[in-house]
Amino acid sequence: MTPGRIGNYGVVYEGRVRLREPEAPCKEVLTRKEVAESLDKSNMLYSGRTAIDCSPKMLEVPEPLKQFMGKDLVVATAPPEIDFTIIPVEPRWIRVYHNQYRSGWWGNYCQSEYDSAANKFYTAVADHGTYDAHLFMIEYDPVARKAKCLPEYNLSAGRDKTRFGDGIIHGWLDFYRSNDLPRPHLWFCTYWAKFP
């Protein structure tokens, strides 16, 4: 790691990518993988492709809500355009952790943030791990319609699989520029914090 300084407030480390030793998924995970692959009719799982949905069906009002049309409910005249992609995390199929009884899963429990200067969205996904946890910041480019994982957080913080790691972000992401930084940086908290 290459340490650097931010003003008088501390040390930051450049992100790095290091391969982890592969660990075999358990039977439960292998079954989940088999089911996901059998349902992947549009080749989304491993292709990095983005699907776009702007169907007018999104504007159809469900029957129980039709009574509220006009007074309490207004429906858009044009459907939204929704991009859907599968985040290219690794390891894709998570094994059971040595200190947990159930298989880990990838999840997102934080808000997303849009950076108007870069015209990109940022969010995070993590595997709910404790030891050997995985947490990725995700960058989505709406022009190229591509998602990519930024360097894994725990490795960037110098943690190996024997150390307790951060396995989720419970909070909001935000761009913040201090007087000590030349440009805004993405800030986040890893555990039950509303504001970074």
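Note on LEU39 and LYS148: the extension gain reaches 36.9 nm, defined as 0.36 nm multiplied by sequence separation minus the Cα-Cα distance.
Counting only residues at least eight positions apart within a chain, or on another chain, the aspartates and glutamates with an alpha carbon under 13 Å from that of LYS161 are GLU21, GLU23, ASP132, GLU152.
A straight Cα-to-Cα reach below 17 Å connects LYS148 with the lysines LYS120, residues fewer than 8 places away in its own chain not being considered. Distance between the 7 Å Cα→Cβ label points at TYR114 and ASP160: 4.4 nm. Peptides 71-78, 154-161, 123-130 ranked from most to least packed by the mean count of surrounding Cβ atoms within 10 Å: 123-130, 154-161, 71-78. Phi angles of region 171-176 translate, via the Karplus equation with coefficients 6.51, -1.76, 1.60 and θ = phi - 60°, into HN-Hα couplings of x, 9, 8, 7, 9, 9 Hz per residue; Gly and Pro are given as x. Each residue of region 37-54 is assigned a 3J(HN,Hα), and the resulting list reads 5, 6, 8, 7, 6, 10, 6, 9, 4, 10, 8, x, 6, 10, 9, 10, 10, 9 Hz, derived from the Karplus form 6.51 cos²θ - 1.76 cosθ + 1.60 (θ = phi - 60°), x at Gly and Pro.
Rule-based calculations on the coordinates, nothing more; no lab input. Treat the numbers as computed from the prediction; the structure is a model and nothing was measured. Cβ sites come from the backbone with ideal geometry, for glycine too, and all protein chains shown count toward neighbours.
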